[in-house]
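Below is one structure, written out as structure tokens; the observations come after it.
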Amino acid sequence: MNQHLIEQTKTFVFKRFKDDTTGHDYAHMKRVATMAKYLAEKEQADPLLAELIGWLHDVTDTKLTNDPVTAKQEVTDYLYASCLSETQVSTILQAIDNISFRKGNVPTSFVGQIAQDADRLDAIGAIGIARAFSYGGNKKRQIYSENPIEKSTTTIQHFYDKLLLIKDRLHTQTAKQLAERRHAFMEDFLDRFFLDWDGK
């Protein structure tokens with residue numbers, strides 16, 4: 001039953017994110033779901049719930065839908081139709097509501113915190129860098145600017161406002177260990193970026 005549910009969920013998510021160009025595409029959902037399951041297994045939590053949260057975590061995100069209320073109802077209806085218990089559905093929905101870095105919230109369940117770690121890991125390292133510039137381009141942001149007024153809205157500034165903070169805001173030991181290498185890669189990238197920017 002679990003594998004059938006996962007396959008159904010993949011289809012549910014694919015229809016919504018297959019054409020995304022912001023870095024929040026189906027491949028992102030797949031990576032987060034896979035990482036969430038891995039972290040749950042390492043941290044002795046429920047891998048099915050972690051994976052489901054990973055697959056569904058962006059369905060109601062206001063950055064990605066013009067109608068978050070309808071999107072939440074659709075995911076709620078989907079979960080109840082999947083023969084999950086009231087507690088399981090509640091845990092998934094609560095995690096989805098609180099997983100976003102932008103909101104500054106923390107899921108109340110450990111499995112939700114695991115999924116949040118998985119989502120944050122996908123925002124750093126090589127993939128995180130690629131996604132940052134994909135999102136910035138989609139939103140017509142400049143890569144970088146030396147103008148103090150313009151600088152605050154550039155993609156490079158996003159590293160300092162969010163991406164470099166993630167390593168110290170993870171919940172699980174497994175995620176913290178994985179984050180070290182990814183964080184170091186971003187620091188190396190920024191060092192090289194500014195050297196190249198200055199023509200050195």
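Taking only segment 142-158 into account, find how many residues are of a type in the set (Gly, Ala, Ser) and modelled with pLDDT of 95 or more.
1
When the residues of segment 117-158 are narrowed to those that are assigned to a helix (DSSP H, G or I) and among the acidic types (Asp, Glu), which ends up most open to solvent (accessible area, probe 1.4 Å)?
Checked segment 117-158; the qualifying residue most open to solvent (accessible area, probe 1.4 Å) is Glu150.
Using the structure shown, decide if Ala71 is open to solvent by less than 30 Å² (accessible area, probe 1.4 Å), farther than 22 Å from Asp117 by Cβ and either among the hydroxyl-bearing types (Ser, Thr, Tyr) or in a helix (DSSP H, G or I) (or both).
yes
Looking at the structure I just gave you, is Arg102 in a helix (DSSP H, G or I), at pLDDT below 95 and open to solvent by 20 Å² or more (accessible area, probe 1.4 Å)?
no
Checking Ala45 against (1) under 27 Å from Tyr135 (Cβ atoms); (2) open to solvent by 20 Å² or more (accessible area, probe 1.4 Å); (3) not β-branched (Val, Ile, Thr), which test does it fail?
(1)
If I ask for residues that are open to solvent by 90 Å² or more (accessible area, probe 1.4 Å) and assigned to a helix (DSSP H, G or I), which ones from segment 3-37 would you list?
Passing the criteria: Gln3, His4, Phe14, Lys15, Arg16, Lys30.
Report whether or not Lys167 is open to solvent by 40 Å² or more (accessible area, probe 1.4 Å), touching an Asp or Glu at 6+ places or on another chain (Cβ under 8 Å) and part of a helix (DSSP H, G or I).
Yes; evaluated as a whole, the condition is true for this residue.
From Lys140, Lys176, Lys151, which residue is at positive phi and more than 15 Å from the chain's Cα centre (by Cα)?
Numbers: Lys176 fails: at positive phi; Lys151 fails: at positive phi.
Residue meeting the stated conditions: Lys140.
Determine which member of the set Asp161, Asp188, Asp198, Asp168 is out of contact with any strand residue (DSSP E or B) (no Cβ under 6 Å at 6 or more places or on another chain), more than 25 Å from Leu49 (Cβ to Cβ) and at pLDDT below 95.
From the options Asp161, Asp188, Asp198, Asp168, the qualifying one is Asp198.
So Asn2 ticks every box in (1) farther than 27 Å from Lys140 by Cα; (2) touching a residue at least 40 places away in the same chain (Cβ under 8 Å); (3) within 19 Å of the chain's Cα centre (by Cα) but one. Which box is left unticked?
For Asn2, the failing item is (3).
Go through (1) in a helix (DSSP H, G or I); (2) modelled with pLDDT under 95; (3) within 25 Å of Leu5 (Cα to Cα) and name the single condition Thr60 misses.
Single failed check for Thr60: (1).
Looking at Phe185, is it under 20 Å from Arg31 (Cβ atoms), in a helix (DSSP H, G or I) and open to solvent by 60 Å² or more (accessible area, probe 1.4 Å)?
Taking the combined requirement at face value, the residue satisfies it.
The values are calculated or read from the model by the stated rules, or taken from the named source; none is laboratory data. The structure presented is a predicted model; accordingly, all values stated were derived computationally and were not measured. Neighbour counts run over all protein chains shown; Cβ positions are idealised from the backbone, glycine included. Surface accessibility is based on the protein's heavy atoms, side chains included, excluding ligands, DNA and RNA. Shrake-Rupley method; radii C 1.70, N 1.55, O 1.52, S 1.80 Å.
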